[in-house]
1. Select from the stretch 8-26 the residues that are farther than 28 Å from I262 by Cβ and either touching a residue at least 12 places away in the same chain (Cβ under 8 Å) or not in a loop (DSSP other than H, G, I, E, B) (or both) and list them in ascending order.
2. So E202 passes all but one of these: (1) of a type in the set (D, E); (2) surrounded by fewer than 19 Cβ atoms within 10 Å (Cβ to Cβ); (3) modelled with pLDDT of 95 or more. Which condition number does it fail?
3. Assess whether R13 counts as being in contact with a Ser or Thr (Cβ under 8 Å, 6 or more places away or on another chain) and at pLDDT below 95.
4. Is it the case that the stretch 127-139 has a residue that's in contact with a Lys or Arg (Cβ under 8 Å, 6 or more places away or on another chain), under 24 Å from D193 (Cβ atoms), part of a strand (DSSP E or B) and at pLDDT 95 or above?
5. Given the conditions (1) without any contact (Cβ under 8 Å) to a residue 24 or more places away in the chain; (2) in contact with a Phe, Trp or Tyr (Cβ under 9 Å, 6 or more places away or on another chain), which single one is not true for L248?
6. Restricting to the stretch 187-216, give me the number of residues that are touching a residue at least 12 places away in the same chain (Cβ under 8 Å) and either assigned to a helix (DSSP H, G or I) or of a type in the set (V, I, T) (or both).
7. Which residues, taken from the stretch 267-309, are charged (D, E, K, R) and closer than 20 Å to A181 by Cα?
Amino acid sequence: MSSASGARPAPRRLVLVVGIGRSGTSLFTGILSRLGFHVPRPEVKADGTNPRGFGEPRWVVDFHTQLMRERRVHRFDSRPDAWSVTAEAVADEQAFGDLRDWLGVQFVGVENVVVKDPRIDWFLPLWRRCAQELGAETSFATMLRHPAEVVRSARDSYGTWQADASRAASWLNATLHTEHATRRARRAFVRYDALLEDWARELARVAELLELDWLREIEAAAHPQVHELVDPTLRRARPAWDEIDVPLALRALLDETWQQMIRLAEPDGDSEAARSALDGLRADYDRFYADAEAIAQSSVLAERRRRGGDGRPRGGARGTGFPREVKRLAARGVRVLPREHQERVYRAATGAWLGAGGLTSLPLRLALLVPPRYRERTPLPLVRMALRLLRARQR
């Protein structure tokens, strides 16, 4: 409506779907998109790890990926200190300007926008700053899935490059710090199992908490497209620790945190008592991780000495700066591959620098990992650059 009618213009609403990867964020975003929320385009294409679609804007994924690479943080990072590193992005004027401009375009002709990316948790202060600049009301929907289910699903989808214990610790790290970061904001916590059991009931509850009036009275029968999306058989992993290698001390922290988090999804569960308990668990995890780092110091020192005192492999001055070039080259190269191949090819490329085979094994490792139909898509200039770098290193 126009201001001449005396009515206020409809507010801009931004819902950020947060939660670690494999926790059900794609499903929740997909439901909102079928009920009238705008998911910015183009989206990341569906693949074998998520055949029903990710609901992730391609621009947002690339934006977060670049910020994380610059700060040496990854999606399943279990370091408590990593949060202070990524929080600095709120003061990055280049990042702020890029995100503000992109987000502003998404609201052209649209009142309700939903954004999801598992990396978004690391940059919530930056998103809140941009939304405030644009006059958009920001709220958060946090997906809750049992850590054992998340770890098993991540292992099946992304492989075993990261140990179960490390992935479980990253669930703890992300869950505790994201909960803390969304306080003093309108938010709702959504259990993955409850969403699969009765999506309409959960959406009505979330709409109440987030003050989305037009979603409060949902008639499930009127939305067959949502029924098609919500498939209870999607829950292939179960909340059990069997076949998951997690130390008992870490498991105790995980179980206690899970019990406290699911309280937040109950009526009046987001209380000061619950938040205080989570503060204590966050402090417990910080101490637990610091102890683990102190115990593992000998292993860290041994790895540094194996690579050279400055973090590079031994071998003379000719290699100065080369590992960074390899990583940059690998990052560019994997973009031509489907999503499900990118991570393991990138790690094979960068791992070849550190492995026993040395850099000479890099082309073979990449060739064996890249499916033949994608090898021919690798840009010729990129291949030539790689060969020049290899020859320079081997001289």
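1. A10, P11, R12
2. The failed condition is (2).
3. No, not satisfied.
4. Yes.
5. Failing condition for L248: (2).
6. So the count comes out to 18.
7. The answer is D268, D270, E272, R275, D279, R282, D284, D286, R287.
Every residue, every condition in (1) assigned to a loop (DSSP other than H, G, I, E, B); (2) modelled with pLDDT under 95; (3) surrounded by 16 or more Cβ atoms within 10 Å (Cβ to Cβ); (4) not assigned by TED's automatic domain parsing to the domain that holds V110, yes or no:
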position: F28; (1), (2), (3), (4): no, no, yes, no
position: L32; (1), (2), (3), (4): no, no, yes, no
position: W59; (1), (2), (3), (4): no, no, yes, no
position: V73; (1), (2), (3), (4): yes, no, yes, no
position: S78; (1), (2), (3), (4): yes, no, yes, no
position: S84; (1), (2), (3), (4): no, no, no, no
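The values are calculated or read from the model by the stated rules, or taken from the named source; none is laboratory data. Values in this document were obtained by computation on a predicted structure and should not be read as measured data. Backbone-built Cβ (ideal geometry, glycine too); neighbour counts: all protein chains shown.
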